[in-house]
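Each reported figure results from applying straightforward, stated rules to the coordinates on display, with no laboratory input. For clarity, every value in this text was computed on a predicted model and none was experimentally measured. Cβ placement follows ideal geometry from the backbone for every residue including glycine, while neighbour counts extend to all protein chains displayed.
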Amino acid sequence: MRAVTGHAAVISAPRQIDVRRVEFRAPAAGEVRVQIEGCGVCASNLELWLGKPWFKYPVEPGAPGHEAWGRIEAVGKGVSELAVGERVALLSSHAFAEYDLAKSDEVVRLPAALDGEPVPAEPLGCAVNIFKRANIARGKTVAIVGVGFLGLLVTQLAANAGARVIALSHRRSSLKLASEFGASVTIEIHDKQQASNHVAELTDGRGCECVIEAAGKQESLDLASELTSERGRLVIAGYHQDGPRQVNMQLWNWRGLDVINAHERDPQVYLAGMRDAIAVVEAGVIDPRPLYTHTFKLADLPTAFAAIERSPEGFVKALITL
């Protein structure tokens, strides 16, 4: 089996991306090579794009694209359960490219019902895993601080589970989607005290049994802590990667909070979430299609990152299509 050549994006310096023609090796034993149809652009990659002292440049071709789907183009030795031509989503990290490689046990088949649809299964799976870790029950009040892509998916899942969902965001367009996805109440955040007072009024001063912080910012973590009731669950779903955080440990101790880090690191847990997410999308329990608000070609990846940085009204998720 031979290598193939194709295009890949290379972040060569902060805020600089080159599209280069590179060689993609043949899949090793137990691997598949996937011809990429598309890849989501994750907000967690923004710091790499912006440039931080702990990053080194240039990064490898295709990195850090990790929300990909496509069709198997070649299989390595010993791979018998997958075939060339099958449409899959994959766990990988170099998918801002025409091809990427993955272990055969780290891809998930896509059903025929989703043919022609974008399926960034990795972040969809993250939302399902966050929902599982939050242990949301019917009749409970759940606040979601930050209703971007993950927050809106969890809003759908929590509302479907029978929870009373309070969605909080700075952006009115996101709150409109949250309402359409089943949120009982939406709150536009002007400042922490205003938002906290509003939730206190809605809950007779008790706060929320479960609060999901989904923005990955100091201010969202502070607000989420304030909204969580005594013996409540504070679920950290936002990705905090731009430096250390401070927490109000006095508040956490006094209220006896259960604080849950909803970020998984076991690939098999990721894959289980991806499979479950694909199933609930196919069943119509969640509909991510309204969230794919911006689509770009590979050469326009800088524009996609710029959109994430600005997060204008109406922006939720950017996809790169090939």
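General remarks:
- All other residues whose Cβ lies under 13 angstrom from that of ARG171 are scored, Lys and Arg at +1 and Asp and Glu at -1, for a net of +1.
- Here the Gaussian network model covers the chain, with springs between Cα atoms less than 10 Å apart; of VAL281, VAL235, VAL165, VAL281 fluctuates the most.
- Note on LYS103: lysines with a C-alpha under 23 Å away, same-chain residues under 8 apart excluded, are LYS77.
- Kirkwood hydrodynamic radius (C-alpha pairs) into Stokes-Einstein, the stretch 165-216, 25 °C and 0.890 mPa s, D in µm²/s: 215
- With a cut-off of 12 Å between beta carbons, the residues surrounding SER220 carry a summed charge of -1, where Lys and Arg count +1 and Asp and Glu -1.
- Within the listed set GLN193, GLN241, GLN250, the residue fluctuating most in the Gaussian network model of the chain (springs between alpha-carbon atoms under 10 angstrom) is GLN250.
- Taking Cβ atoms as reference points and 10 Å as the exclusive limit, the residues near ASP242 contribute a net charge of +2, counting Lys and Arg as +1 and Asp and Glu as -1.
- Loop-resident trypsin sites (Lys or Arg not before Pro) (DSSP state other than H, G, I, E or B) in the stretch 239-322 with no more than 14 further Cβ atoms inside 10 Å of their Cβ: ARG245, ARG265.
- Considering only TYR239, TYR57, TYR270, the mean-square fluctuation computed in a Gaussian network model of the chain, springs between alpha carbons under 10 angstrom, is largest for TYR57.
- Beta bridge orientation in the chain: antiparallel %, DSSP, nearest 5: 55
- Annotation for the stretch 114-168: trypsin sites (Lys or Arg not before Pro) lying in DSSP loop with at most 16 further Cβ atoms inside 10 Å of their Cβ are ARG138.
- When the Cα atoms of the chain are aligned to their principal axes, the ranges along those axes come out at 66, 41, 33 Å in descending order.
- Whole-Å distance, taken between Cα centres, linking the stretch 221-254 and the stretch 124-186: 17
- Per-q log10 I(q)/I(0), the stretch 124-261, q = 0.11, 0.14, 0.16, 0.20 Å⁻¹ (Debye; single scatterer per alpha-carbon; no solvent): -0.32, -0.53, -0.71, -1.18
- Bins of 5 Å, starting at 0 and running to the largest distance - Cα pair percent for the stretch 217-322: 2, 9, 13, 14, 16, 20, 15, 7, 3, 1, 0
- Beyond 15 Å, the tail of the calculated P(r) for the stretch 44-134 holds 66 percent of the Cα pairs.
- Percent of alpha-carbon pairs separated by more than 24 Å within the stretch 63-199: 45
- Checking every one of the GluC sites (Glu not before Pro) in the stretch 199-286 against DSSP loop status and a limit of 14 other Cβ atoms within 10 Å picks out no site at all.
- Global geometry of the stretch 263-319, whether rounded, prolate or oblate, following the gyration tensor of its Cα atoms and the 1.5 cut on a/c: prolate
- Using alpha carbons only, the radius of gyration of the stretch 181-256 set against its Kirkwood radius gives Rg/Rh = 0.95.
- Sequence-distant lysines (8 or more away, or on other chains) whose Cα lies within less than 23 Å of LYS132: LYS140, LYS217, LYS317
- Estimated [θ] at 222 nm from DSSP helical runs (n ≥ 4, -39500 (n - 2.57)) normalised by residues in the chain, nearest 500: -9000 deg cm²/dmol
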